[in-house]
1. For the chain, what number results from the quotient of the Cα radius of gyration and 2.2 N^0.38 Å?
2. Where the only charges are on Cβ atoms (+1 Lys, Arg; -1 Asp, Glu), what is the dipole of the stretch 10-155 about its Cα centre, to the nearest 20 debye?
3. Accessible area per residue for the stretch 125-266 in Å², computed with a 1.4 Å probe and the full protein assembly in place, what is it?
4. Relative to the longest principal axis of the C-alpha atoms of the chain, give the angle of the C-alpha long axis of helix 2-24, reported between 0 and 90° and rounded to the nearest 10°.
5. Under unit Cβ charges (Lys, Arg +1; Asp, Glu -1), what dipole magnitude, rounded to 20 debye, does the chain have relative to its Cα centre?
6. I need the phi-derived Karplus couplings for the stretch 121-133: 6.51 cos²θ - 1.76 cosθ + 1.60, θ = phi - 60°, integer Hz, Gly and Pro marked x.
7. Of all the accessible heavy-atom surface of the chain, with the other protein chains kept in place and a 1.4 Å probe, what percent is carbon and sulfur?
8. So what J values fall out for the stretch 79-93 if you push phi through Karplus, 6.51 cos²θ - 1.76 cosθ + 1.60 with θ = phi - 60°, rounded to Hz, Gly and Pro as x?
Amino acid sequence: MNQLREGCTIAGLILRRELLALANSWKEVASSAFIYASLISLTAGYFMPAMGMPVALCAPLYAGAFIVNSYSVAYTCAIEVAFDLRSPKLGAYYYGLPVPFWMVMGARVLGMMVRILAIGVPVFILGFIIIGRWEYFSISWVGLVAMLVLTVQYVTLLFLALAHRTPLPVLLGNIWPRLLSPMAALGCAMYPFRVAAEKAWWLSRLMLLNPMVYCCEGMRAAFFGNAGYLNISLCIVVLVCVNTALWLFLRQSIVQAINPVIMRRV
């Protein structure tokens, strides 16, 4: 019982440190989020309709930008973790503390999730305000909360696993063109899945292996209803399964990256 109490205290301190780091950089974060939301919302809400895109797709198109923005924020966090694995090895210190391994791991995942949400949610709100088109919204609040949590958790687990598993030169130079960019391009971030199914049926079947498809389509279904998008229940179930697998993969990646001497409590 004492060990669990100490574990909760240490996990809380780790999370508090993440929040403090975010609070100290909120001006830079807010300005970057404002610029990003303004540019993407202007493109989706005004420029692309001027070129012939139906106005009904303005807000759904912008919804996919949240996942792309989450990728960018998570990648920044992954770079920080990757450099820390070399020096000063703060992560190794955390996992060497006399508390359960899973509590430290959970605190670090939660801290990164909070950082992504703190940046991404204002981007969402600001972009939708700029676009307008409120008549197309049909929000499922329960589904929206579930999709936000699962999507941010998926992005966090993916990038933390990459940070611990991938050599730093690969993470800096090759991970975007070889993995992340193809995932984004074939992840329905800038178009609904039904478009891919209509224009390239066989490719759309392969795209269903990409978890980003379920993030984007589930988010759109939560905002605008299931009509025209993958069913939100399917997206939630798939992401729960993917995140469970990523938790196990992240655990194994951390064990390999950190000195095995401290892994006796895993």
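The values are calculated or read from the model by the stated rules, or taken from the named source; none is laboratory data. Here the structure is a predicted model, which means the values were calculated and not measured. Backbone-built Cβ (ideal geometry, glycine too); neighbour counts: all protein chains shown. Note: areas computed on protein heavy atoms with side chains; ligands, DNA, RNA excluded. Shrake-Rupley method; radii C 1.70, N 1.55, O 1.52, S 1.80 Å.
1. On the way: Rg = 19.4 Å, N = 266, 2.2 N^0.38 = 18.4 Å.
Computed over Cα atoms of the chain, the ratio equals 1.06.
2. Numbers: 8 positive and 5 negative charges, 60 e Å.
Here the size comes out at about 280 debye.
3. Accessible area per residue: 49 Å².
4. Rounded to the nearest ten degrees, it is 50.
5. Values: 18 positive and 8 negative charges, 117 e Å.
Computed charge dipole of the chain: roughly 560 debye.
6. Those phi angles translate into 5, x, 4, 4, 4, 4, x, 5, 5, 5, 6, x, 6 Hz.
7. 70
8. 4, 4, 5, 4, 5, 5, 4, 7, 5, x, 6, 5, x, 4, 5
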